[in-house]
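The values are calculated or read from the model by the stated rules, or taken from the named source; none is laboratory data. Computed from a prediction, not measured in an experiment: that's the story for all the values here. Note: ideal-geometry Cβ built from the backbone for every residue, glycine included; neighbour counts use all protein chains shown. Ligands, DNA and RNA are stripped out before the accessible areas are found, and what is left, the full protein with its side chains, is counted by its heavy atoms. Shrake-Rupley method; radii C 1.70, N 1.55, O 1.52, S 1.80 Å.
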Amino acid sequence: MKPRALVIHGPIGCGKTRRALELAEIARQRGYRVLGLVGLRVIEGGETTGYTGMDLAHGERFPLVKLTSLAEGEDWRKLGKWKYSFSAAGFEKANTLLMEAAEALDDETVVVADEYGHIELQGMGIHRGVARVAEALKRGGRLVVLCRTDKVEAVVEMLPDEAAVLVAEADSPDFLDGLRDWFN
């Protein structure tokens with residue numbers, strides 16, 4: 001079976017993670033094992049204060065990103081000029097999940113990686129894990145990568161030439177219709 005990759009893209013808040021969770025549920029209903037992670041937005045007082053990672057295989061949640069003003073302790077790293085700090089332990093957990101998923105990848109597995117962004121382009125964040133899963137696609141399986149629209153080209157370039165790649169806008173009204181054949 002030809003491996004397949006799906007790149008879900010769009011701006012902040014357009015529903016990329018919601019779409020990934022919908023796909024994960026559809027995949028489970030069709031008998032696929034779902035591995036990887038999503039980043040769940042944390043909103044307090046109407047403001048995004050961070051993101052919590054969620055292991056899609058077990059539902060475990062772990063800190064990933066917080067507003068720097070809320071990040072306390074030695075685990076949190078400020079990178080560049082962004083207003084957020086990043087959990088070293090959280091991103092290590094995220095990469096471990098993705099690398100374990102790469103080892104387990106087969107034609108009955110879907111791996112989700114949320115989100116390939118600014119820090120991943122610099123080789124940080126979940127870059128290491130996504131790169132490992134992309135390489136493992138040569139054996140089969142399916143990979144879903146979420147990113148902003150300006151990162152689509154970088155994500156596609158990471159994927160093996162033999163991977164059939166579908167690029168989909170998260171907020172497209174016919175999003176799920178366009179994916180009918182993706183699981184076949």
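Largest first, please: the extent of the C-alpha atoms of the range 12-54 along each principal axis, to the nearest Å.
Computed over the Cα atoms, the extents are 39, 18, 14 Å.
Which lysines, if any, have their Cα less than 26 Å from the Cα of residue 138, not counting same-chain residues under 8 positions apart?
2, 16, 93, 151
From the Cα gyration tensor of the range 84-184, with a ≥ b ≥ c the square roots of its eigenvalues, which class applies: rounded if a/c is under 1.5, or else prolate if a/b is larger than b/c, or else oblate? The partial results should precede the final answer.
Working: a/c = 1.80, a/b = 1.24, b/c = 1.45.
It is oblate, given that a/c is not under 1.5 and a/b is not larger than b/c.
Quick check: with the 1.4 Å probe, what order do 82, 182, 76 take by accessible area, largest first?
Values: 82 70, 182 10, 76 40 Å².
Solvent-accessible surface, decreasing: 82, 76, 182.
What is the magnitude of the charge dipole of the range 2-124 about its Cα centre, with +1 placed on the Cβ of each Lys and Arg, -1 on the Cβ of each Asp and Glu, and no other charges, expressed in debye to the nearest 20? Don't skip to the answer; put the middle values down first.
Values: 16 positive and 18 negative charges, 95 e Å.
Computed about the Cα centre, the dipole is about 460 debye.
Once each part is reduced to its C-alpha centroid, what is the distance from the range 93-158 to the range 1-66 in angstrom?
The two parts, judged by their Cα centres, are 13 Å apart.
Antiparallel DSSP bridges in the chain: what percent, to the nearest 5? Walk me through the numbers before you get to the answer.
Values: 19 of 42 bridges.
Taking every DSSP beta bridge within the chain, about 45 percent pair in antiparallel fashion.
Is the C-alpha gyration tensor of the range 1-99 telling us rounded, prolate or oblate? Criteria: a/c under 1.5 is rounded; beyond that, a/b larger than b/c is prolate, otherwise oblate.
Verdict is prolate for the range 1-99.
Which aspartates and glutamates have a Cα lying under 20 Å from the Cα of residue 81, excluding residues fewer than 8 positions away in the same chain?
Here the aspartates and glutamates satisfying the reach criterion relative to residue 81 are 47, 72, 115, 120, 150.
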